[in-house]
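Worksheet: one structure, shown below.
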Amino acid sequence: MATQNTPLSSLEADVLVIGGGSTGVGVARDAALRGYSTVLVERRDLADGTTGRFHGLLHSGGRYAVKDPSAARECIAENRILRATAADCVEDTGGMFVSTPWDDPEYGDLFLEGCKATGVPAEEIPVAEALRREPRVNPDIRRAFLVPDASLDPWKLVWGCARSAEEHGARILPYHRVLGLEMEGDRVVGARIRSERSGEEFGVHATVVINAAGAWAGQIADLAHCTVNVRAGMGLMIAMNHRLVHMCVNRCKRPADGDILLPLRTACVIGTTDVFVPDPDETEIRQADIDLLLDEGEKLVPGFRQARALHAWAGVRPLFEDTAAVAETRDVTRSHALLDHSSREGIAGFLTITGGKTTTFRLMAESAVDAACLQLGGARPCRTAEVPLAGSESHVLYRIGNRLAAREPVPQAEEIVCECELITRSHLEETVKQRGTTSLDDIRRVTRLAMGPCQGGFCIYRATGILHEGGTIDETVANQTLLGFLEERWKGVHPILHGDQLRQARLDDWIFQGVLDVEHLPA
Amino acid sequence: MSYDTVVVGAGLAGLVAALRLTEQGQRVLVVARGVGATHLAPATIDVLGYVGETRVESPAAALPALLAGSPDHPYRHLSAERLAAGLAWFGTHAGTLGYTGSVDENVLLPTAIGVPKPSAFVPRTMAGGDLRAGGRFVFVGFKGFKDFHPALLADNLARARLPAPVTARALVLEPPASPRGDLSGRVVAGRFDTDGLGDWLIGALDKRTDPDEIIGVPAVLGLRDADATWHALETGLERKVFEVATLPPSVPGIRLFDALTQQLRERGTSIVLGVRAAGARVKDGRIEAVDVSNATGPVSHPTGAVVLASGGFASGGLELDSFGVTRETVFDLPLVGVSGSERVRFAAGYFDDQPLARAGVATDDRLRPVGPDGHPVYANLHAAGAILGGAVPWKEKSGTGISVATGYAAAEAILAPNAQPVPEAVR
C-alpha cells in the first residue's frame with residue numbers, strides 16, 4: 001500500500017493496533033468502521049505470523065462440538081457471518097467427518113449430539129454416498145457426517161480487511177516494529193515505532209492501544225510491564241499437490257494430530273500437530289512430525305505417501321492460559337481472551353486480545369473494540385457482521401475456477417507469469433504498485449505466486465525480470481530478491497522432499513544453477 | 001525381434017550411445033518414458049565449469065583437481081584424450097548445430113540473468129557470445145516473451161568478473177502483431193521458421209544498433225531453420241549475433257534432440273517413447289532381455305547389451321520415497337551417494353552441499369554398474385549420463401559433458417568388449 005512509504009514523524013489516532021494477523025486487521029477494520037481514527041503496525045508483512053500459516057479451515061464448529069461447546073457455537077455463528085461478508089475468501093467446499101478403522105464409530109453419536117446441542121448442522125450420510133462424494137477417502141470408513149466446514153483463504157481475508165480498513169481511513173503499516181510503548185503514569189499513550197524498511201523511527205499517540213500480537217502478545221504486554229501468558233502451540237501443515245479431497249475431511253474423533261485434510265485453492269493441506277514451543281519465532285520442523293502427518297494422511301486417503309507433497313510449514317497457535325501451566329496445549333481452550341489491563345494491572349488505555357482462532361477473528365475484534373469504546377467516550381455499534389469486506393461486495397463465494405474463468409475468454413491475451421497459479425503480468429505489476437513492495441515473498445502472500453507445483457521454478461526469474469524492468473529496483477536488489485526467495489522457499493521444501501517433488505526440485509536446480517547460474521551473480 | 005543393444009533413456013547420453021552404436025552397424029532399440037533433459041538444458045556442452053568456487057578455464061587441465069575433490073566422479077573412468085575423442089565425434093554428429101570448441105578451453109557465455117558461464121563446446125549460433133574478448137553487447141528481448149529479461153541480463157553482466165571489459169545494454173522489440181500475448185520459446189521459434197521474423201529482426205536492429213555491437217538474442221531463432229536464420233542475421237546486419245539460452249523448454253536443446261533422433265531414424269533405429277523399462281531377464285550374470293511396459297502390457301526385448309541412460313532424480317532414473325529410501329528405477333541397481341539406514345535430511349540452505357546430490361550408480365572403467373564388491377552387476381550392462389553417481393553436474397557445469405562423454409564411452413565399451421579396460425589416466 002502506498003501509505004507505508006510516506007515519511008511519518010508522528011501519528012495521532014484513537015486506536016493503535018499492534019499485530020497484522022487476522023485479529024489485528026479485524027480490529028483495525030472494526031474500529032475504522034465505527035469511525036475511530038486507527039493505525040495498525042505489524043513488524044513483518046500482514047498475515048506473516050499465525051494467520052498465513054494456518055490450514056485454512058473455516059470451522060463449522062464440528063471439531064469442537066464435543067469437547068469445547070462454546071467454541072463450537074462461536075464457530076458456526078462466525079462461519080455464517082463470514083460466508084456473507086467475506087464471500088471472496090470462502091470456498092464452500094463443505095465438510096465431512098469420517099470414522100476410519102482407527103476411530104471409534106460410537107464417537108459419531110457423541111459428535112451428532114454435540115453438534116445438535118451447539119447448533120452446528122450435521123447430517124449422517126451412508127458410507128456409499130460419502131465415497132461417491134470423496135472417491136479417494138479410505139473405502140473402509142464406517143460412518144460419515146456432513147457439516148458446513150469451508151475453505152478459507154487467509155491472505156485474501158487479511159488483505160480484504162486491511163483494504164476495507166483503509167477505505168475507512170485507517171493506516172495499515174506492515175514492516176513497522178514496535179520498539180516500546182509510551183507511558184504517562186499508569187496509562188499507555190502510544191508506541192515508538194521503527195520502519196523495518198527505511199529504519200526511520202516515529203511515535204504513534206493513541207487513546208487506546210490494542211495488543212493483537214497473537215502468540216507474540218506476551219512480548220508486547222511486557223513492554224507495558226503487564227503479564228499475558230500465551231503459550232505457542234506449534235502446528236505443522238503439509239500442502240499436497242492437487243486436491244486429493246473436494247471437501248474438508250476430518251476424522252470423527254477427539255481432535256488430535258493430522259486429522260484434517262482440506263482443499264485450499266489449487267492444493268490441499270493436511271494438518272496439524274500441536275507442540276509447545278518456548279519461542280514463537282523458533283518453529284523447527286521435525287522429521288517425526290512429517291512422518292506422523294503422512295501416516296495419518298494415509299489413513300484418510302490410502303496412497304497419501306505416494307502423492308506429491310509440495311511444501312511444509314509450521315504456524316503457532318496463541319493459546320491463552322490465565323493460571324497454571326497445562327501440559328497438553330490442545331487442552332487449552334480455543335476460545336479467545338480479552339484482557340483489560342486497567343482492571344488487571346491498573347494500566348489504562350491498553351487492551352490485549354489473544355487466543356482464539358482465525359474462524360472467530362471477527363468476533364474477537366468486535367469484543368476488543370467494544371472494550372475500547374468504553375475508553376473512547378461510549379459505545380458505538382459494531383458493523384462488521386453486516387458490511388462486506390473489500391473484494392467481497394458482490395457476496396459471491398470464491399470458486400476454484402475463478403481465475404481460469406477470468407482468463408479463458410481471451411486466452412493468452414498477455415504473459416502468464418506463473419502458470420501454476422495463473423498470474424498474469426498485469427496482475428503482478430498491479431500488486432507491486434498497490435503494495436509498494438518488491439519482495440517476492442510479499443507478492444506471494446497476495447497473489448500465490450510460486451505456490452504451485454513448481455514452487456517458483458519458472459516464475460521467479462520472470463517475476464524478478466519484470467520487477468527490475470519496472471525500474472523500481474536495480475540489479476543488486478533484484479538479485480537479492482531472487483536469491484532470498486530461493487532460500488525462503490527451500491525452508492518449506494526440503495523437509496518434505498521426496499518422490500515427484502524431489503524430481504521437481506532437481507529440475508529447479510537445473511534451471512537456477514545449471515541454466516541461469518544464479519550462484520555466481522555479482523554480489 | 002532381438003537387438004544388439006537396448007538403450008534405456010532418450011536424453012543426450014542415451015541418444016549419443018545409440019547413434020554411435022548404430023553408426024557402427026549395431027541394431028539398436030531406444031526406449032524411454034519421454035524426451036530427456038535435452039529439452040531442459042541449453043545445448044551447450046559443459047564439460048567442467050567449476051571446481052569448488054574456482055571457475056575453470058581449461059576442463060582438461062582442471063580434471064586432476066576435480067578428481068582430487070570428487071574421487072568418485074564419472075570422469076575418473078575417462079582420460080582427457082577419451083573425453084576429447086567423444087566430444088570430437090559428437091561435434092561431427094550434431095547436424096546443423098555446428099559445434100565448436102575443445103576440452104582445453106572454456107568459452108564464457110552469458111546466461112539469461114547475466115552470469116558468464118563456462119562451456120567447452122557450443123553451437124554455432126551461440127559461439128558469438130563468448131565474453132572473454134570483451135566488447136559492446138546489446139541484448140534484445142521480445143515483448144510478450146516472458147522467459148528472457150534483457151535488462152536484468154545486461155545490468156548484471158556489466159558487473160561480472162571478466163578478463164576483458166564488457167559493456168552491455170538492453171533493447172526490447174515488439175514483434176509484428178501476433179494473436180498471442182503469452183509467448184513461449186517454442187512459439188517464437190515457430191514464428192522465425194514460418195513468419196519471416198528474421199527479416200523483421202534485421203530491419204528492427206539495423207537502426208537501433210551500432211556496427212561494432214555484438215547482439216544477443218534469446219535462443220528462439222527457430223526449431224527447423226535456426227542456423228539459416230542466424231546466418232541471415234549476421235550477414236544482413238553485418239554484426240555478430242548470438243543466441244542466449246533461457247528457461248525450459250530449451251529451443252536449442254530441442255534442435256539437438258531432433259538432429260540426433262533424425263540421424264537414428266534415417267539409419268532405421270527405433271526410438272520408442274512413452275514406455276517404461278523395468279526389469280530384465282538375466283542368465284549367467286548377463287541381461288538377456290529388457291522388460292518394457294507399454295500401453296498394451298509388458299514386452300521383453302532380447303538383447304546383447306544394455307545402456308542405462310535413464311537420468312537422475314530429475315528424469316526419474318532415481319527415486320526417493322517418503323520413507324527415505326532411494327532406488328534406481330529400472331534394474332534396482334546398487335547405489336552410491338545415498339544414506340544407508342540414516343534418514344535423508346536435506347541441508348537448511350538452498351546452496352549448501354545437499355545429500356543425494358552425488359547419488360547414482362558407481363561403475364567400473366567400462367562404465368558397468370558395480371556392486372559394493374566392485375564387480376559388475378551384469379557383464380553387459382553399461383551406464384551413462386546423469387544416472388552416474390559422484391558428480392554435482394548443475395554446480396560443476398558438467399552435465400552435458402558427462403552425458404556426451406559417457407554415452408560415447410559406453411558405446412565404445414560395447415563395441416570393443418574384449419579391449420583392455422581404459423586406464424584411469426588422469427588420477
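Determine if the range B:215-223 includes at least one residue that is of a type in the set (A, V, I, L, M, F, W, C), surrounded by fewer than 22 Cβ atoms within 10 Å (Cβ to Cβ) and either in contact with a Cys (Cβ under 9 Å, 6 or more places away or on another chain) or over 26 Å from residue A:515 (Cα atoms) (or both).
No, because not a single residue in the range B:215-223 is of a type in the set (A, V, I, L, M, F, W, C), surrounded by fewer than 22 Cβ atoms within 10 Å (Cβ to Cβ) and either in contact with a Cys (Cβ under 9 Å, 6 or more places away or on another chain) or over 26 Å from residue A:515 (Cα atoms) (or both).
Looking only at the range A:464-523, filter to residues that are more than 7 Å from chain B (Cβ to nearest Cβ), aliphatic (A, V, I, L, M) and not in a loop (DSSP other than H, G, I, E, B); which one of those is surrounded by the fewest Cβ atoms within 10 Å (Cβ to Cβ)?
The qualifying residue surrounded by the fewest Cβ atoms within 10 Å (Cβ to Cβ) is A:477.
Go through the residues of the range B:180-187 one by one and say whether even a single one is more than 14 Å from chain A (Cβ to nearest Cβ), among the aliphatic types (A, V, I, L, M) and assigned to a helix (DSSP H, G or I).
no
Sort out which residues of the range A:259-294 are more than 30 Å from residue A:402 (Cβ to Cβ), within 14 Å of chain B (Cβ to nearest Cβ) and out of contact with any helix residue (DSSP H, G or I) (no Cβ under 8 Å at 6 or more places or on another chain), and write them in order of number.
A:282, A:283, A:284, A:286, A:288, A:289, A:291, A:292
Would you say residue B:185 is modelled with pLDDT under 95 and surrounded by 20 or more Cβ atoms within 10 Å (Cβ to Cβ)?
yes
So, residue B:200, is that one closer than 18 Å to residue B:127 by Cα, away from chain A (no Cβ under 14 Å) and in contact (Cβ under 8 Å) with a residue 24 or more places away in the chain or not?
The answer is no for residue B:200.
Only residues that are in contact with a helix residue (DSSP H, G or I) (Cβ under 6 Å, 6 or more places away or on another chain), in a helix (DSSP H, G or I) and of a type in the set (A, V, I, L, M): list them for the range A:120-168, please.
A:157, A:158, A:162, A:165
Where residues in the range A:18-39 are hydroxyl-bearing (Ser, Thr, Tyr) and not in a strand (DSSP E or B), which of them is farthest from residue A:350 (Cα to Cα)?
A:22
Out of the residues in the range B:230-251 meeting the condition of being buried (at least 20 other Cβ atoms within 10 Å of the Cβ) and touching a His at 6+ places or on another chain (Cβ under 7 Å), tell me which one is nearest to residue A:516 (Cα to Cα).
Only one residue fits best here, namely B:248.
For residue B:344, state whether it is within 12 Å of another protein chain (Cβ to nearest Cβ) and part of a loop (DSSP other than H, G, I, E, B).
The answer is yes for residue B:344.
For the range B:244-269, give me each residue that is within 13 Å of chain A (Cβ to nearest Cβ) and out of contact with any Ser or Thr (no Cβ under 8 Å at 6 or more places or on another chain).
Answer for the range B:244-269, where residues must be within 13 Å of chain A (Cβ to nearest Cβ) and out of contact with any Ser or Thr (no Cβ under 8 Å at 6 or more places or on another chain): B:246, B:247, B:248, B:251.
Residue B:64 versus (1) more than 16 Å from the chain's Cα centre (by Cα); (2) under 30 Å from residue B:156 (Cβ atoms); (3) assigned to a helix (DSSP H, G or I): which is the lone unmet condition?
Residue B:64 satisfies every listed condition except (2).
Quick one: is residue A:467 within 19 Å of the chain's Cα centre (by Cα) and not aromatic (Phe, Trp, Tyr)?
Criteria not met by residue A:467.
Among the residues of the range B:368-404, what is the count of those that are part of a loop (DSSP other than H, G, I, E, B) and of a type outside the set (Asp, Glu)?
Residues flagged as part of a loop (DSSP other than H, G, I, E, B) and of a type outside the set (Asp, Glu) within the range B:368-404 amount to 16.
Could you list, in sequence order, the residues of the range B:293-335 that are of a type in the set (Phe, Trp, Tyr), within 14 Å of another protein chain (Cβ to nearest Cβ) and under 25 Å from the mean Cα position of the chain (by Cα)?
Passing the criteria: only B:313.
Across the range A:78-119, what is the number of residues that are surrounded by fewer than 22 Cβ atoms within 10 Å (Cβ to Cβ), of a type in the set (Phe, Trp, Tyr) and not in a loop (DSSP other than H, G, I, E, B)?
Number of matching residues: 1.
The values are calculated or read from the model by the stated rules, or taken from the named source; none is laboratory data. Because the structure is a prediction, the values reported are computed rather than measured. Reconstructed Cβ throughout: ideal geometry from the backbone, glycine too, with neighbour counts over all protein chains shown.
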